[in-house]
Amino acid sequence: MNRRLTRRDALRILAAGAALPLGALGLGLIRDAPRPVQWHGEVLGALSGMTLWHASPKVAERTIARLRVEIDRLENIFSLYRPQSEIMRLNRDGTLPAPSPEFVALLEQSHTIAQVSNGAFDPTIQPLWRLLSPGGLASPSRIDRALTLVDYRSVDVDPKRIRFARAGMAMSLNGIAQGYITDRITEILGNEGFESAMIELGETRALGSAPDGQPFAVALVSPANPANVERSLALSSRALAVSAGYGLTFADGRHHIFDPHTGESPRRLTQVAVLSPKASWADALSTAIYVAGEARARALLDAYPGSNAILFRPDGSTIEI
């Protein structure tokens, strides 16, 4: 699978770039602030970065090296860009013996939010993505056939085996795995004594606050013009994920987010930003709310304590929940 730079990537890049002058790079002006140690690369196909602060920059550098090993291990489970990853083998064979505990755990998380959202979030959306991603053109009958393979309830998950109930099913965990990896890396840092870090591995999570004690400032772009910053959000010991309708678009007008029930791209909202204690929660919630719409947002957020959202409507107005 070839990686495409989507507008969702652009949002994350802009968010990171805008966050640094407001929060991170500006810290260089603070007396006695440690030098930030940064890493930039790709995780699950998304441009990513980590910024760590430690009294010893050498310790931060060695930690980043270890974190990259852990990220690589998790990509070997969840990546759709690695032919021998666990998820790719499951999609190819329809069954996966001896799955990693992380795969089982994330599928259980995915099943929970799929149930809570009545299928607005569904990791088995991949057959529809496969059909439409070459250009977005497909006959209604082919789309209908692809939709018969989209059903999170038809995945048998067991510590000893993961299996699809029907031939031709496939899954993508890109709507939650980036958040899961972000959480894992942030938790490792916390366990190792780090108190200040910004982790952006497809989704964003702040460990603690900036070294001056203030929240990090993260930019949120305008859905009407993604080249512009809409507002700055304060982020401290929380995660942020954004789903938006200005992502990769196809020839038939669909964009990169599909409603698992209809195969259409939702238009009720233009952007959803979710703040939550965990990046995996924020990641999945932003997608689920974008698909389900404003009327379902409150119930979805209530199912994940400490979560709130900013919803952007097509008329340009916003609502904070």
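Based on what the data block shows, is Thr186 among the polar types (S, T, N, Q), under 22 Å from Arg92 (Cα atoms), touching a helix residue (DSSP H, G or I) at 6+ places or on another chain (Cβ under 8 Å) and in contact (Cβ under 8 Å) with a residue 12 or more places away in the chain?
Numbers: among the polar types (S, T, N, Q): yes; under 22 Å from Arg92 (Cα atoms): no; touching a helix residue (DSSP H, G or I) at 6+ places or on another chain (Cβ under 8 Å): yes; in contact (Cβ under 8 Å) with a residue 12 or more places away in the chain: yes.
No: the conditions fail for Thr186.
Only one residue in Ala303, Ala273, Ala295 is over 24 Å from Met171 (Cβ atoms) and surrounded by fewer than 22 Cβ atoms within 10 Å (Cβ to Cβ). Which one?
Only one candidate qualifies: Ala295.
Here is a check on your reading of the model: is Arg205 assigned to a strand (DSSP E or B) and of a type in the set (D, E, K, R)?
Working: assigned to a strand (DSSP E or B): yes; of a type in the set (D, E, K, R): yes.
Yes; evaluated as a whole, the condition is true for this residue.
Of all residues in the range 148-171, which are part of a loop (DSSP other than H, G, I, E, B), touching a residue at least 60 places away in the same chain (Cβ under 8 Å) and crowded, with 20+ Cβ neighbours inside 10 Å?
Answer for the range 148-171, where residues must be part of a loop (DSSP other than H, G, I, E, B), touching a residue at least 60 places away in the same chain (Cβ under 8 Å) and crowded, with 20+ Cβ neighbours inside 10 Å: Val150, Met169, Ala170, Met171.
Only one of Ser280, Ser237 is on the phi > 0 side of the Ramachandran plot and polar (S, T, N, Q); which? Talk me through it step by step, then tell me what you get.
On the way: Ser280 fails: on the phi > 0 side of the Ramachandran plot.
Only one candidate qualifies: Ser237.
Residue by residue through the range 263-274, note down the ones that are touching a residue at least 24 places away in the same chain (Cβ under 8 Å) and farther than 15 Å from Arg298 by Cβ.
Gly263, Pro266, Arg267, Thr270, Gln271, Ala273
Determine which member of the set Glu61, Glu108, Glu102, Glu75 is among the acidic types (Asp, Glu) and more than 20 Å from the chain's Cα centre (by Cα).
Result: Glu61 is the single residue among Glu61, Glu108, Glu102, Glu75 that is among the acidic types (Asp, Glu) and more than 20 Å from the chain's Cα centre (by Cα).
Can you list the helices (runs of 4 or more DSSP H) lying wholly within the range 42-116 that have 3 or more residues being crowded, with 22+ Cβ neighbours inside 10 Å?
By residue number, 57-78, 101-116.
Please state which one of Leu235, Leu240 is modelled with pLDDT of 95 or more, within 30 Å of Val155 (Cα to Cα) and surrounded by 17 or more Cβ atoms within 10 Å (Cβ to Cβ). Give the steps one after another, and end with the answer.
Working: Leu235 fails: within 30 Å of Val155 (Cα to Cα).
The match here is Leu240.
Using the structure shown, decide if Ile181 is touching a helix residue (DSSP H, G or I) at 6+ places or on another chain (Cβ under 8 Å), among the β-branched types (Val, Ile, Thr) and surrounded by fewer than 20 Cβ atoms within 10 Å (Cβ to Cβ).
Details: touching a helix residue (DSSP H, G or I) at 6+ places or on another chain (Cβ under 8 Å): yes; among the β-branched types (Val, Ile, Thr): yes; surrounded by fewer than 20 Cβ atoms within 10 Å (Cβ to Cβ): no.
Considered against the rule, which asks whether it is touching a helix residue (DSSP H, G or I) at 6+ places or on another chain (Cβ under 8 Å), among the β-branched types (Val, Ile, Thr) and surrounded by fewer than 20 Cβ atoms within 10 Å (Cβ to Cβ), Ile181 comes out as no.
State yes or no: is Arg205 among the basic types (Lys, Arg) and farther than 20 Å from Ala273 by Cβ?
When the stated conditions are applied, Arg205 does not pass them.
Condition (residue is among the basic types (Lys, Arg) and over 20 Å from the mean Cα position of the chain (by Cα)) applied to the range 200-223: is it met by at least one residue?
Within the range 200-223, the first condition is being among the basic types (Lys, Arg), and the residues that meet it are 205.
Narrowing further to those that are over 20 Å from the mean Cα position of the chain (by Cα): none.
No, the conditions are met nowhere in the range 200-223.
Only one residue in Ile181, Ile199 is in a helix (DSSP H, G or I), in contact with a strand residue (DSSP E or B) (Cβ under 8 Å, 6 or more places away or on another chain), within 19 Å of Trp281 (Cα to Cα) and not polar (S, T, N, Q), so which one is that?
On the way: Ile199 fails: in a helix (DSSP H, G or I).
So the residue among Ile181, Ile199 that is in a helix (DSSP H, G or I), in contact with a strand residue (DSSP E or B) (Cβ under 8 Å, 6 or more places away or on another chain), within 19 Å of Trp281 (Cα to Cα) and not polar (S, T, N, Q) is Ile181.
For (1) in a loop (DSSP other than H, G, I, E, B); (2) of a type in the set (Ser, Thr, Tyr), each residue gets a yes or a no:
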position	(1), (2)
Thr262	yes, yes
Ser265	yes, yes
Ala295	no, no
Pro305	yes, no
Pro314	yes, no
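Out of Arg153, Arg166, Arg238, report the one residue that is over 30 Å from Glu294 (Cβ atoms) and out of contact with any Phe, Trp or Tyr (no Cβ under 9 Å at 6 or more places or on another chain).
The match here is Arg166.
The values are calculated or read from the model by the stated rules, or taken from the named source; none is laboratory data. A quick note: this is a predicted structure, and the numbers were derived from the prediction, not measured. No Cβ is skipped: glycine too gets one built from the backbone with ideal geometry, and neighbour counts run over all protein chains shown.
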